[in-house]
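Read-outs throughout are calculated quantities, based only on the coordinates presented, and are distinct from any laboratory measurement. Only a predicted model underlies this, so the values are computations on that prediction, with no experimental measurement involved. Every residue, glycine among them, receives a Cβ derived from its backbone with ideal geometry; neighbour counts consider all protein chains shown.
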Amino acid sequence: MGVGIYIRPTIPDNEARTAFAILRRLGVGLTGLERAVLLLHAGDLDLEAVKASVRADEALFNPNIHALHVLPLEVPGPGEVWIESDLADRLTVAWFGEVRRVRAWIMRGAEGPAGAELIGETLRALLLNPAVEHLVEHIGVA
C-alpha cells in the first residue's frame, strides 16, 4: 500500500475556480471542482510521522493556507484524477526518499463524484494537456 499526501488550499483556490468557470462556459456538467498537490510514495510509511514531517517542511506546507491529509492509497478515489507533468522531475524528500508530485483534481457531478464519462469530458476540454502531461492511474506506475 502506498501513501498519498494531499496538500489542499484552505484559501480561495483561484486555479480551481478559474478552471471550473471555464469548464462551465464550455458546457461541461461539473457541479464542483477542487485541486490539491499530491505527493505519492509507493512504500509503507508511518502516517503520523509523515504528517509531522510535512508540517515541519516550510517548502511543502504552510499552515496558514494549506490543509493536510495523509492517507494510505493505491489509486485515485471516486471522481478524482491524478495528473503528472512529463517535464517535472521526481522530488527527493529527506524524511522519506523519492516521491512523485502530481496534481489531484476532485470532480463532482449532479449525482455526486464525477463518473468516467464526465471525467473524460473534463480532461479533454481543459485539465489535461497530453503534449506534456499524463494520467497516473496507480501509485506504483510511472
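Subtracting the Cα-Cα distance of Glu117 and Lys51 from 0.36 nm times their residue separation leaves 20.3 nm of extension gain. Taking the C-alpha atoms only, the angle from helix 47-56 to the longest principal axis of the chain is near 90 degrees.
The fewest-to-most ranking of Val102, Val37, Val3 by surrounding Cβ atoms within 10 Å reads Val37, Val3, Val102.
Looking at region 52-142, the trypsin sites (Lys or Arg not before Pro) that sit in a DSSP loop and have at most 13 other Cβ atoms within 10 Å of their own Cβ are Arg90. For Glu137 and Leu87, compute 0.36 nm times the residue count separating them, minus their Cα-Cα distance, and round to one decimal in nm. Computed gain between Glu137 and Leu87 is 16.2 nm. To the nearest ten degrees, helix 14-25 and the longest principal axis of the Cα atoms of the chain are 20 degrees apart. Across all Cα atoms of the chain, the radius of gyration (one decimal) and Dmax (whole number) stand at 15.2, 44 Å.
Relative contact order of region 2-136, taken over Cα pairs closer than 8 Å and 6 or more residues apart, is 34 percent.
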